[in-house]
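Worksheet: the structure to be examined is printed underneath.
The values are calculated or read from the model by the stated rules, or taken from the named source; none is laboratory data. Computed from a predicted structure; not experimentally measured. Please note: Cβ atoms are built from the backbone with ideal geometry, for glycine as well, and neighbour counts cover all protein chains shown. In case anyone asks, the SASA skips ligands and DNA or RNA and just uses the protein heavy atoms, side chains included. Shrake-Rupley method; radii C 1.70, N 1.55, O 1.52, S 1.80 Å.
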Amino acid sequence: MPVALVTGITGQDGSYLAEHLLAQGYRVIGVSRRTSTDVGSRIEHIRADIEVASADLLDQTSLLTLVQRYQPDEVYNLAAQSFVPTSWAQPVLTGEFTALGVTRLLEAVRVAAPEARFYQASSSEMFGKVQEVPQTERTPFYPRSPYGVSKLYGHWITVNYRESYGMHACSGILFNHESERRGLEFVTRKISYGVALISHGARRELRLGNLDAERDWGHAADYVRAMHMMLQRDSPRDYVISTGETHSVREFAELAFRCAGLDWEEFVQVDPTLKRPAEVDQLVGDPRLANEELGWRPTITFPQLVERMVESDLAIVRDEMARGVIRREEPGSRFPG
Ligand code: NAP
Ligand code: G4F
């Protein structure tokens, strides 16, 4: 039974990747840092099928001990401070987790399991102020946030460990991917959950920032398949993973409200305080290399993604209201983003 070590197991991608690897017959070791409250809701349904080990990207010894103990065949580094606005509020911490954390894990693998295959979760945020459209594996990078800069460090250190030590290490340059399990602070989930609250009469408006930003949005379940495919190649290589389509935040909102039978213009308010110090205006990836060499293709379309997220949140909010977790017109907001 091959052994896969997955950091960031409690996150959106960690939960989908664990499901996928279990279905492929892997022993899955999920890595989680110590927290005072339970962060395991996304993996509750597979908790009996995986093992969860404790380690922190900030702590070198914990990572080395982990790799020594489990001797993984494949290591997926999904852990990161992944929310762009937080990277301006906490730039040094973001660099520690998202940039240097990659070196710590690579060092642990180099020393304790050098034959293991290593996947780094790189990001389309590295393209930032884009230098060409669409973005490919050869497009120059121009990150626009401390998060983007940190991811670029993680990307290049992975390339360097591959070239310096001959490790089977590669990066997936993944464009935005969302799901019913997306964090509430990211714009797609903020919208789908907001639509559900409004539809159930629990809120009257949804405050958003830049409606003109455009993203290449896919579904996380499709994207974790690409991570696994990349590690099955004999020679490691980096790939762009995207749908090849781009849509604005406005389009996402319009469609999401329509799914609930509502007109978005009656409820969406633009809040200038939610705009970013530097914006990534438009992202659209060219997934041809992954199509050709990995045989990877997304299966869930943009309208299907939006519909799935809204349907899921309508059910969640209905349940939360039935349990009295949220009430109609309750003051305050659950949206930090
Ligand atoms: P996510 O939901 O925010 O999950 C992040 C995970 O990292 C969580 O499990 C979190 O654990 C863990 N983590 C954070 N700091 C840690 C630390 N110091 N030590 C150990 N674990 C730590 O992110 P996601 O959407 O699943 O994304 C997965 C990865 O892909 C991230 O690296 C992200 O930057 C990258 N990425 C995402 C996208 C996207 O559109 N989703 C696109 C490109 C790249 P806690 O539960 O304890 O907080
Ligand atoms: O959903 P977002 O916060 O995602 P963003 O910044 O694109 O980053 C995500 O995708 C990256 C891949 O490209 C990942 F690496 C990263 O970890 C994360 O998963 O924002 C998307 C767009 C931005 O342009 C933002 O300005 O939506 C715009 N937006 C407009 N109003 C908003 C809001 N974003 C948030 N979070 N909240 C708003 O109210």
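Which pairs turn up if I take residues in region 133-155 that are assigned to a loop (DSSP other than H, G, I, E, B) and look for partners that are open to solvent by less than 50 Å² (accessible area, probe 1.4 Å) and hydroxyl-bearing (Ser, Thr, Tyr) with beta carbon separation below 7 Å, at least 6 apart in sequence or on another chain?
GLU137/TYR239; SER145/SER87
Which of the residues spanning region 169-195 are more than 21 Å from SER242 (Cβ to Cβ) and surrounded by fewer than 20 Cβ atoms within 10 Å (Cβ to Cβ)?
LEU184, GLU185
Which one is nearest to ligand 1 (Cβ to nearest atom), of the residues in region 65-78 that are closer than 17 Å to GLN120 by Cα and not in a strand (DSSP E or B)?
LEU78
Among the residues of region 145-152, are any among the aliphatic types (A, V, I, L, M) and touching a Pro at 6+ places or on another chain (Cβ under 6 Å)?
Looking for residues that are among the aliphatic types (A, V, I, L, M) and touching a Pro at 6+ places or on another chain (Cβ under 6 Å), one finds at least one in region 145-152, hence yes.
If a residue has to be within 17 Å of VAL102 (Cβ to Cβ) and open to solvent by 10 Å² or more (accessible area, probe 1.4 Å) to count, how many in region 1-30 make the cut?
Residues meeting the conditions: 3.
For region 139-159, state whether one or more residues are buried (at least 21 other Cβ atoms within 10 Å of the Cβ), of a type in the set (Lys, Arg) and closer than 20 Å to ILE241 by Cα.
Yes, the conditions are met somewhere in region 139-159.
Mind checking which residues of region 215-271 are under 24 Å from LYS129 (Cα atoms), within 14 Å of ligand 1 (Cβ to nearest atom) and charged (D, E, K, R)?
ARG215, ASP216, ASP238
Yes or no: GLU51 more than 9 Å from ligand 1 (Cβ to nearest atom), more than 20 Å from MET229 (Cβ to Cβ) and touching a strand residue (DSSP E or B) at 6+ places or on another chain (Cβ under 8 Å)?
Judged against the criteria, GLU51 is a match.
Scan region 171-181 for residues that are more than 8 Å from ligand 2 (Cβ to nearest atom), in contact with a Ser or Thr (Cβ under 8 Å, 6 or more places away or on another chain) and assigned to a loop (DSSP other than H, G, I, E, B) and report the count.
Adding up the residues that qualify gives 2.
Filter region 81-119 for residues that are open to solvent by 10 Å² or more (accessible area, probe 1.4 Å), among the hydroxyl-bearing types (Ser, Thr, Tyr), within 15 Å of the chain's Cα centre (by Cα) and closer than 28 Å to GLU163 by Cβ and give the result.
Within region 81-119, SER82 is the sole residue that qualifies.
Scan THR299, THR246 and give me the residue that is more than 9 Å from ligand 2 (Cβ to nearest atom), open to solvent by 50 Å² or more (accessible area, probe 1.4 Å), within 20 Å of the chain's Cα centre (by Cα) and at pLDDT 95 or above.
Criteria check complete, one pass: THR299.
Return the residues of region 199-220 that are crowded, with 21+ Cβ neighbours inside 10 Å and either free of Cβ contacts under 8 Å to residues at least 24 places away in the same chain or in a helix (DSSP H, G or I) (or both); say none if nothing qualifies.
ALA220
In region 275-293, which residue that is out of contact with any Lys or Arg (no Cβ under 9 Å at 6 or more places or on another chain) and of a type in the set (Asp, Glu) is least open to solvent (accessible area, probe 1.4 Å)?
Of everything passing the filter in region 275-293, ASP286 is least open to solvent (accessible area, probe 1.4 Å).
Scan GLU266, GLU254 and give me the residue that is more than 14 Å from ligand 2 (Cβ to nearest atom) and under 28 Å from ASN210 (Cα atoms).
GLU266
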